[in-house]
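Colleague: One structure, pasted below without further comment.
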Amino acid sequence: MISKQLANQIVEQTMLRLHRNINVVHTNGRILASGDRLRVESIHGGARIVSETEKPLIITEENNHLFQNAKPGINLPIFFQNELVGVIGITGNPDDIAEWAPLVQLTTEMMVHQALIASQSEWKRKLRETIFEDLMTQQPLQKVMKERLSKIGFFHAPPFYGITLDIEPKLTAYQSFVEHMEDFFIHESVIFGRYQLNEHFILVSGMDAKAIVDKLTLLLTQVKKYFIVKMGIGQPVQTLEKVFNSYETARNAIEYGDKTKTINFFEEVEVFSLLKKSDSQEALLFTNRTLKDLNNKLIHTLVVYFSHNQQLTVCSEELGIHRHTLTYRLNQIHEITGYNPAIFQEAIILQIALWLRNKNR
């Protein structure tokens, strides 16, 4: 429906150009705004008929007495997205105003459309940000949260990726960065907005990493004239309750990532972040994921193997086993974890996981 504030704006702007009295009326017949202040809040009988029929009504000197608190003029329905939202009345001799009354109706509908679309956008913007803030509390999803997700068209399906963005304006843009994202993600199941001062966020569902990069690269292409953007993409999670973890890893991707790159994945900087935050949730997840299902015997074998600089003979003697048995165990570790202890780059990952495991025990 048309608000009182919007009604006053319509009356003011229209009367400025027409120099005729204008009434903007609620669908219940109550006058919201008028050039004649004394008529505000009174019931307009003619406008009430227009609301019921959704058709224009011409009031003349001859039939004026049939309508409560009405004067000669033309009353027209105002629609927004095919729904009646109000009535506009133009006071005067119908013969004098009939030619341009439809233009007044069209102009009014355009003003209403612009105002209500802006209002809806602001409402959705605040709701998206409220939802994201709630997700950051790591609380179980309540019914009200699911209803909110439905209202903004977020059809959540795993995996979920938390993405954080650092935005630096280059030029004065005709839109804020959030408004650019609103246009860009208009048909996507994505939550985005501003979070904590100048920090921006994106939450994506049901897309793989490649599709996300392709999408974000296109977004960056469209906004690069106005903004310098750096993005961090977190680890995927399978439930909305764990989005906090994904977003925290996205922040780490920004903090520890390559400053020359526009998009950084957490996996690319995971080791750097772990060394600085050995007691973090990310460190625990990394350790568990890397060492996976290694039993105590294989973990002890790995510790001794690394402590003797990967020397098979010395390590097998220390363990009291045959060299072939040691090789078999190392092959088992490779099969279970996906990392080969004999290859330097992969051995480093295993070693870090062991260090973190010892620190967190």
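The values are calculated or read from the model by the stated rules, or taken from the named source; none is laboratory data. In this text the structure is predicted, and so the values were computed from the model without any measurement. Positions of Cβ are generated from backbone atoms using ideal geometry, with glycine treated the same way; all protein chains shown enter the neighbour counts. Note: areas computed on protein heavy atoms with side chains; ligands, DNA, RNA excluded. Shrake-Rupley method; radii C 1.70, N 1.55, O 1.52, S 1.80 Å.
Colleague: To the nearest 20 debye, what charge dipole does segment 48-204 have about its Cα centre, counting +1 at the Cβ of each Lys and Arg and -1 at the Cβ of each Asp and Glu?
Modeller: Details: 13 positive and 21 negative charges, 133 e Å.
The calculation lands at about 640 debye.
Colleague: I'd like the FRET efficiency for Ser150 and Met110, computed as 1/(1 + (r/R0)^6) with the beta carbon distance as r and R0 of 35 Å, rounded to 0.05. Don't skip to the end; give the middle numbers.
Modeller: Values: r = 30 Å, r/R0 = 0.86.
Efficiency, rounded to the nearest 0.05: 0.70.
Colleague: Could you do me a favour and compute the accessible area per residue for segment 38-128, 1.4 Å probe, result in Å²? Please report the intermediate quantities before stating the final value.
Modeller: On the way: 5090 Å² over 91 residues.
About 56 Å² of surface per residue is accessible.
Colleague: Expressed as an acute angle from 0 to 90° and rounded to the nearest 10, what is the orientation of the C-alpha long axis of helix 209-223 relative to the principal long axis of the chain?
Modeller: 50
Colleague: Quote the charge dipole size of segment 205-307 about the Cα centre in Debye, to the nearest 20; the model charges only the Cβ of Lys and Arg (+1) and of Asp and Glu (-1). Working shown, then result.
Modeller: Numbers: 14 positive and 12 negative charges, 63 e Å.
Roughly 300 debye, rounded to the nearest 20.
Colleague: Where does the chain land at 222 nm, in deg cm²/dmol rounded to the nearest 500, when only DSSP H runs of n ≥ 4 count, each adding -39500 (n - 2.57), divided by all residues?
Modeller: Details: 14 runs with 182 residues, N = 361.
One gets -16000 deg cm²/dmol as the mean residue ellipticity at 222 nm.
Colleague: How high is the relative contact order of the chain, given as a whole-number percent (alpha carbon pairs under 8 Å, six or more residues apart)? Please list the in-between numbers first.
Modeller: On the way: 564 pairs, mean separation 35.9, N = 361.
Computed over the chain, the figure is 10 percent.
Colleague: Sticking with this structure for a sec: Choose one answer from Asn252, Asn296, Asn198: the residue with the largest mean-square fluctuation in a GNM of the chain with alpha-carbon springs under 10 Å.
Modeller: Asn296
Colleague: Got a sec? Which residues in segment 318-345 would a label at Lys297 touch, if it sits 7 Å along Cα→Cβ and we count backbone N under 17 Å?
Modeller: 318-337
Colleague: So, one more: Taking amide H positions as placed 1.01 Å from N in the peptide plane, with prolines and chain starts having none, which residues 5 or more places from Ile228, or on another chain, fall under 5 Å of its amide H?
Modeller: Hits under the 5 Å cutoff: Glu168, Lys170.
Colleague: Here's a follow-up. Expressed as a rounded percentage, what relative contact order does segment 177-227 have, with Cα pairs under 8 Å and six or more residues apart?
Modeller: Relative contact order here is 30 percent.
Colleague: Would you work out what percent of the accessible area of segment 1-136, with all protein chains in place, is carbon or sulfur (probe 1.4 Å)? All intermediate terms of the calculation are to be shown ahead of the outcome.
Modeller: Values: 3770 of 7290 Å².
The value for segment 1-136 is 52 percent carbon and sulfur by accessible area.
Colleague: Which of Phe160, Phe185, Phe306 ends up with the largest GNM mean-square fluctuation for the chain, with Cα atoms connected below 10 Å?
Modeller: Taking springs between Cα atoms under 10 Å, the residue moving most is Phe306.
Colleague: Further, regarding this structure: Under 8 Å for C-alpha pairs, at least 6 residues apart: give me the relative contact order for segment 90-217, rounded to a whole percent.
Modeller: On the way: 91 pairs, mean separation 32.8, N = 128.
Computed over segment 90-217, the figure is 26 percent.
Colleague: Which is farthest toward the positive dipole end of the chain among Ala173, Thr287, Phe265, measuring Cα position about the Cα centre, with Cβ charges +1 (Lys, Arg) and -1 (Asp, Glu)?
Modeller: Thr287
Colleague: Can I ask one more? I need the calculated FRET efficiency for the pair Val304 and Thr221, taking r as the beta carbon distance and R₀ as 51 Å, to the nearest 0.05.
Modeller: Details: r = 53 Å, r/R0 = 1.03.
The calculated FRET efficiency here is 0.45.
Colleague: Next up: At a 1.4 Å probe radius, which order do Arg289, Arg37 fall into by accessible area, largest first?
Modeller: From most exposed to least exposed: Arg37, Arg289.
Colleague: Then there is this: Please identify every one of the trypsin sites (Lys or Arg not before Pro) in segment 233-272 that sits in a loop by DSSP and has no more than 13 other beta carbons within 10 Å of its own beta carbon.
Modeller: Details: sites: Lys242, Arg251, Lys259, Lys261; in loops: Lys259, Lys261.
For trypsin sites (Lys or Arg not before Pro) across segment 233-272 that sit outside H, G, I, E and B with at most 13 neighbouring Cβ atoms in 10 Å, the list reads Lys259, Lys261.
Colleague: Could you give the length gained on full extension between Gln81 and Ile117, defined as 0.36 nm per residue of separation minus the Cα-Cα distance, in nm? It would help to have the intermediate numbers written out before the result.
Modeller: Numbers: separation 36, 0.36 × 36 = 12.96 nm, distance 1.02 nm.
So the extension gain works out to 11.9 nm.
Colleague: Among Met231, Ile186, His156, whose Cα sits farthest toward the positive end of the charge dipole of segment 126-277 (+1 at Cβ of Lys/Arg, -1 at Cβ of Asp/Glu, about the Cα centre)?
Modeller: Ile186
Colleague: Within segment 149-296, what whole-number % of the accessible surface is contributed by carbon and sulfur, with the 1.4 Å probe and all protein chains included in the calculation?
Modeller: Working: 3960 of 7400 Å².
Carbon and sulfur atoms account for 54 percent of the accessible area of segment 149-296.
Colleague: Note the full-extension length gain between Gln68 and Thr130 as 0.36 nm times their separation in residues minus their Cα-Cα distance, in nm to one decimal.
Modeller: Values: separation 62, 0.36 × 62 = 22.32 nm, distance 4.60 nm.
Extra length from Gln68 to Thr130 when fully extended: 17.7 nm.
Colleague: Ok, one more. Expressed as an acute angle from 0 to 90° and rounded to the nearest 10, what is the orientation of the C-alpha long axis of helix 323-337 relative to the principal long axis of the chain?
Modeller: The angle comes out near 0 degrees.
Colleague: On to the next question. Between Gln238 and Lys170, what length in nm is gained on full extension when 0.36 nm per residue of separation is reduced by their alpha carbon distance? Walk me through the numbers on the way to the answer.
Modeller: Numbers: separation 68, 0.36 × 68 = 24.48 nm, distance 3.65 nm.
Answer, rounded to one decimal: 20.8 nm.
Colleague: Any idea which of Met15, Val213, Val303 is furthest toward the positive side of the dipole for the chain, if Lys and Arg beta-carbons carry +1 and Asp and Glu beta-carbons -1?
Modeller: Val303
Colleague: Please compute the net charge surrounding Ile349, taking Lys and Arg as +1 and Asp and Glu as -1 over other residues with Cβ under 11 Å from its Cβ. Working shown, then result.
Modeller: On the way: positive: Arg289; negative: Glu270, Glu346.
Once all neighbours under 11 Å are counted, the net charge is -1.
Colleague: Could you compute the FRET efficiency for Lys4 and Ala342, with r as their C-beta to C-beta distance and R0 at 56 Å, rounded to 0.05?
Modeller: Approximately 0.15, to the nearest 0.05.
Colleague: Quick check for me: using +1 on Lys/Arg Cβ and -1 on Asp/Glu Cβ, what's the dipole size of the chain about its Cα centre, in debye to the nearest 20? Kindly include the intermediate steps, with their values, before the conclusion.
Modeller: On the way: 38 positive and 40 negative charges, 177 e Å.
It works out to roughly 840 debye.
Colleague: In square angstrom, what is the accessible area per residue of segment 235-361 with a 1.4 angstrom probe? Show your work: numbers first, answer last.
Modeller: Working: 7030 Å² over 127 residues.
Spelled out: the 1.4 Å probe surface of segment 235-361, per residue, equals 55 Å².
Colleague: By average Cβ neighbour count within 10 Å, what is the ranking of 208-220, 326-338, 72-84 from highest down? Please list the in-between numbers first.
Modeller: On the way: 208-220: 14.4, 326-338: 15.9, 72-84: 17.9.
Per-residue Cβ counts within 10 Å, averaged per peptide and sorted highest first, yield 72-84, 326-338, 208-220.
Colleague: Quick one: net charge of Gly153's neighbours, Cβ under 14 Å, K/R +1, D/E -1? Spell out each step's value before the answer.
Modeller: Working: positive: Lys124, Arg125, Arg128, Lys146, Arg148, Lys151; negative: Glu147, Glu182, Glu188.
Around Gly153, the surrounding residues sum to +3.
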